[in-house]
Amino acid sequence: MADILHRLRIQTQPERVFEAISTAEGIRQWWTRDAEMDARSGGDGVFGFYNRRFQAKVMVTAMTPPSHLAWEVLNQAWPGRIITFDLEADAVGTALNFAHRGFPEANDAYASANTRWGFYLVSLKNHIEKGEGAPNPDNLSL
């Protein structure tokens, strides 16, 4: 199995980061403008890209504000089925540990997802710190 792992620091409190990753309005600012999210444990989310040519459906499997959020991928968007966001306060603000787990191998699908998650997590950081996220479809160069 191959897992995507990213860690970044965001200069704000964990509560603000948690809101950006757990609500439809927050997600629209850094990941995709086409976002629906029932922000509660057991709630569903749908994220569309490129007029829904690519669509990810998830279920919130764990939600412990402001430190932990977990999704299970419900459709065939990615071979990796588990996505987690773990937040911890630190001297800079918030350390975000991101994981997208369960890819059967480190192949082209894995590489593409890894690159895109890196881009979008920097978009999250820029949204919070600079007010300038780059969600889809604003990121047409990807």
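Assorted remarks:
- Residue in region 49-67 that is buried (at least 18 other Cβ atoms within 10 Å of the Cβ) and modelled with pLDDT under 95 present: yes
- Look at (1) within 20 Å of Arg53 (Cβ to Cβ); (2) buried (at least 16 other Cβ atoms within 10 Å of the Cβ) and you find that Asn75 fails only one, number (2).
- The residues listed here are Phe18, Phe85; of these, the one that is more than 21 Å from Pro137 (Cα to Cα) and part of a helix (DSSP H, G or I) is Phe18.
- Count of region 51-69 residues which are farther than 16 Å from Trp31 by Cα and assigned to a loop (DSSP other than H, G, I, E, B): 3
- Restricting attention to region 1-36, the residues that are aliphatic (A, V, I, L, M) and farther than 22 Å from Gly118 by Cβ add up to 1.
- Test: residue in region 1-19 that is at pLDDT below 95 and either within 15 Å of the chain's Cα centre (by Cα) or open to solvent by 70 Å² or more (accessible area, probe 1.4 Å) (or both): yes
- Selection within region 101-142: residues that are open to solvent by less than 10 Å² (accessible area, probe 1.4 Å) and of a type in the set (S, T, N, Q). The member of this set that is modelled with the highest pLDDT is Ser123.
- Tally, over region 116-142, of residues that are in a helix (DSSP H, G or I), in contact with a helix residue (DSSP H, G or I) (Cβ under 7 Å, 6 or more places away or on another chain) and more than 25 Å from Asn75 (Cβ to Cβ): 2
- Candidates Ala113, Ala106: the one that is touching a residue at least 40 places away in the same chain (Cβ under 8 Å) and part of a loop (DSSP other than H, G, I, E, B) is Ala106.
- Hey, Ala77 over 14 Å from Ile27 (Cα atoms) and either part of a loop (DSSP other than H, G, I, E, B) or without any contact (Cβ under 8 Å) to a residue 24 or more places away in the chain (or both) or not: yes
The values are calculated or read from the model by the stated rules, or taken from the named source; none is laboratory data. Small disclaimer: the values here were computed from a predicted structure and weren't measured. Neighbour counts are summed over all protein chains in view; Cβ atoms, including those assigned to glycine, are modelled from backbone coordinates with ideal geometry. The area values use the complete protein model at the heavy-atom level, side chains included, leaving out ligands, DNA and RNA. Shrake-Rupley method; radii C 1.70, N 1.55, O 1.52, S 1.80 Å.
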